[in-house]
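This report concerns only the one structure given below.
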Amino acid sequence: MERLSANQAIRPVATISRLITVLFWPCALSGQIQEAPSAWNGERALQLVEQARRLRQATAVDSAFQAYQADARGYVYFFFDRTGSAERTLIKIDQMALEVSWRAPRQTKQQVVGRRDVKELPTNISYHLDHLTVVLDDFGDLIRLGNGDEVEAVVHPAAPGADSVYDYRLADSLTVTLPAPAAGIRVYELEVRPKDPGAPGFIGSLFVQRGTGGIVRLSFTFTPASYVDRSLDYIRISMDNSLWDGKYWLPYRQEIELRRELPIIAFLGGSIIRGRFQIRNYRFNPELPQDFFLGGPVTSVPEDELANFPFESGLYDQLSDEGLDPSPQIEAIREQAMAVLGQRYLSGLSPSRLHVPFISSVYRYNRAEGSFVGGGASFRLGPTWRLLSRGGYAFGRKTGQLAIDLRSSPSPEAFSVGLWWNELQNASGRLPGASGAVNTLAGLLDDRDFTDPYFTSGASARYGWGLGTPRSLEVGVVWERHRSGTNVVDDGLGGTPATASATSRPVLPVDEGDEGAIEVTYAARTAARGFESSATVRIGQMEEQPYASLWWATTVRRELHEQGTTLQAGLRVGIATEDTPIQTLFLLGGRHTLPGYSFRSFIGKRMVLLRVEAGQAVLTPWLKVHVFGMSGVTSFTRTDLPDADWPRQDTDGVKSSAGFGLKLGWDLLRIDVGRSLNDGGDWEFVSSVQHRFWRWL
């Protein structure tokens, strides 16, 4: 039952959340609080619940209202949600067209008349039927999701006898503005919480029409005990009804968001199913055959008819307009649930699990550590805080590593404190030569290391603000102690400095000492439109030497889905003062920066790198061809380098590369052949994983 779309805002208790809803969601709630929220189970609140209950039951036996049919259109998204970040990776889209039917007293039928889908990444997900359909009767008296595999028999707050299960409070009186066919509707908001928070139950709000008791909106989540599937983190639902035929409150928009993680291991993040549906074109009291409702509640026309259905909108249209960010009303449900339950833990996941932030935290191999083996644990400290720990042992270096992070849950404002000891870092880390897993494979199989490792121990405190969904600001204070690494393996990864290849590069010494810094990061993104940009300013002091640096990265991507064409451009700009620590300056050359030049052979305290790429699908999703061009420039005047092994030249003007390549299997793997366009022109072959997955590896 992950469908449901509501393009209007559920008004939470917090005034700031209301303002965000009104500003950013077209179907908003307006009005002002007329009085402070009443006490729980006040007389007026219980009267309103009883009025809603009576009307809800009467609709099923109204002699003038025996049946209806309507059309439903919607999208179902399946995507990956990286824990603790705004990063979301689309896996699959389904676009649905349904014909829905209802007959008194509670017979329902939904026929799938159109369906098309696309997989952005490989998946074998199989949805429950109610993931792809809508709710026609406000769930009935018992809320059931996923055929009972997700939620089973949670009492509806307006069901007979629900007073013995729930507490009710009159929170507000306000106006709901629906786009059509209802105008401004005055409603009461009734907050609902279970009497026993440890039992299965509904947490959220009922919005009932003044005078009639018609349920205009439901906005809710569940207690942890409600979840049958122990991999469920949460389910959040927003359902909007509108006034049809002048007197019947029937479904208008519905939205649901369901998130899962591995029940034992906190590994990278979780998967989300989100459904958004709109119901329209009601036909009242149609002639329906007596046997119309026999068989299952959901049927489908033949496959060829599904594929040929004339959808009014494109498969990617809603994604382009709204992206994968949660809608304001879904975001508000969590805050409201914690408010009415007194800051209780609301996730269905175990509070304590193993923790794997990225694959290389379990095993990696490089020339400064040899083999490293690690693990971690995650602990929930109440509803809003998580304690993440990880550690391990580097067998070549013969020393341990440890990191601890205390983080508030993701929200418009978030706070974190971190401590770490002997943490592996990579010089010029903003321009990595390979992902962690690829670098490990290169070291084990080919004696190649594409990092310049060193180590830090330190502490940090960071605070972040959400400036509207696409923008964020983070301020951090950092103290670190930097130490150089050494080559601890004897299999050729270090080699001799005879050439600048990845095979023979030595471990570079770094500027050592204690560093204190303030770091400010501003990020803006419109993922649906392919735009991402971030800028980081760092002001600090290494030992007695002050410094400052700026890093700015912007990517613009355009997908022409029908043509199978992808266009992308990326710009990276770095600026640092003369006395910035050498390990944080910018290294260019070779794979992923300027193919065809010696690996990391150019250094700079100022750097610009531009990359443009055009791709064309040949055999979707298995094969895509692409061409690319890159240009970069660095400038460097520093002479007091800590060791002669560091590169001592800048690019001496603009250096450029061009090439072509293949992307295989949903673009997961790529093979590039690039050539330098200056200095005689060398060719370079590079195989890698899609760049957006590097942080996972």
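The values are calculated or read from the model by the stated rules, or taken from the named source; none is laboratory data. Note that the structure is a prediction, hence the values are computed from the model and not measured. Please note: Cβ atoms are built from the backbone with ideal geometry, for glycine as well, and neighbour counts cover all protein chains shown.
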Test: residue 218 is modelled with pLDDT of 85 or more, touching a helix residue (DSSP H, G or I) at 6+ places or on another chain (Cβ under 9 Å) and under 25 Å from residue 273 (Cβ atoms): no
Kindly evaluate residue 124 against the criterion of being free of Cβ contacts under 8 Å to residues at least 12 places away in the same chain and under 30 Å from the mean Cα position of the chain (by Cα). yes
I'd like to verify a number: residues in segment 675-697 that are surrounded by 13 or more Cβ atoms within 10 Å (Cβ to Cβ) and among the basic types (Lys, Arg), how many? 2
Yes or no: segment 659-678 includes at least one residue that is within 30 Å of residue 512 (Cα to Cα) and assigned by TED's automatic domain parsing to the domain that holds residue 438. no
Evaluation of residue 370 against (1) at pLDDT 90 or above; (2) within 28 Å of the chain's Cα centre (by Cα); (3) of a type in the set (Gly, Ala, Ser) (one fails), failing number: (2)
Determine whether residue 613 is surrounded by fewer than 20 Cβ atoms within 10 Å (Cβ to Cβ) and either assigned by TED's automatic domain parsing to the domain that holds residue 321 or within 19 Å of residue 511 (Cβ to Cβ) (or both). no
Taking segment 301-341, which residues are loosely packed, with under 13 Cβ neighbours inside 10 Å, small (Gly, Ala, Ser) and in a helix (DSSP H, G or I)? 307
Provide a single number: the residues in segment 242-291 that are part of a strand (DSSP E or B) and either over 24 Å from residue 130 (Cα atoms) or touching a residue at least 40 places away in the same chain (Cβ under 8 Å) (or both). 34
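Can you find even one residue in segment 638-652 that is within 20 Å of residue 555 (Cα to Cα) and in contact (Cβ under 8 Å) with a residue 40 or more places away in the chain?
There is no residue in segment 638-652 that is within 20 Å of residue 555 (Cα to Cα) and in contact (Cβ under 8 Å) with a residue 40 or more places away in the chain.
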Give the residue that is nearest to residue 186 (Cα to Cα), with candidates limited to residues of segment 228-257 that are modelled with pLDDT of 90 or more and surrounded by fewer than 24 Cβ atoms within 10 Å (Cβ to Cβ). 234
Does residue 538 meet the test of being over 30 Å from residue 644 (Cβ atoms) and surrounded by 18 or more Cβ atoms within 10 Å (Cβ to Cβ)? no
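How many residues, within segment 284-300, are surrounded by 12 or more Cβ atoms within 10 Å (Cβ to Cβ) and at negative phi?
9
Being out of contact with any Phe, Trp or Tyr (no Cβ under 7 Å at 6 or more places or on another chain), more than 30 Å from residue 693 (Cα to Cα) and among the acidic types (Asp, Glu) is true for just one of 304, 317, 325, 321. Which residue is that?
Values: 317 fails: more than 30 Å from residue 693 (Cα to Cα); 325 fails: more than 30 Å from residue 693 (Cα to Cα); 321 fails: more than 30 Å from residue 693 (Cα to Cα).
One residue alone meets the criteria, 304.
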If the requirement is being surrounded by 17 or more Cβ atoms within 10 Å (Cβ to Cβ) and either basic (Lys, Arg) or assigned to a loop (DSSP other than H, G, I, E, B) (or both), which of these qualifies: 667, 672? 667
Collect the residues in segment 600-610 that are outside any strand (DSSP E or B) and crowded, with 22+ Cβ neighbours inside 10 Å, keeping them in residue-number order. 600, 605
Can you find a residue in segment 87-98 that is charged (D, E, K, R), assigned by TED's automatic domain parsing to the domain that holds residue 309, in a strand (DSSP E or B) and modelled with pLDDT of 90 or more? yes
Could you tell me which residue of segment 654-664 is farthest from the chain's Cα centre (by Cα), considering only residues that are within 23 Å of residue 89 (Cα to Cα) and surrounded by fewer than 18 Cβ atoms within 10 Å (Cβ to Cβ)? 662
Scope segment 383-406; condition over 25 Å from residue 366 (Cα atoms) and among the hydroxyl-bearing types (Ser, Thr, Tyr); matching residues: 384
Does residue 119 satisfy the criteria of being more than 24 Å from residue 224 (Cβ to Cβ) and surrounded by fewer than 18 Cβ atoms within 10 Å (Cβ to Cβ)? yes
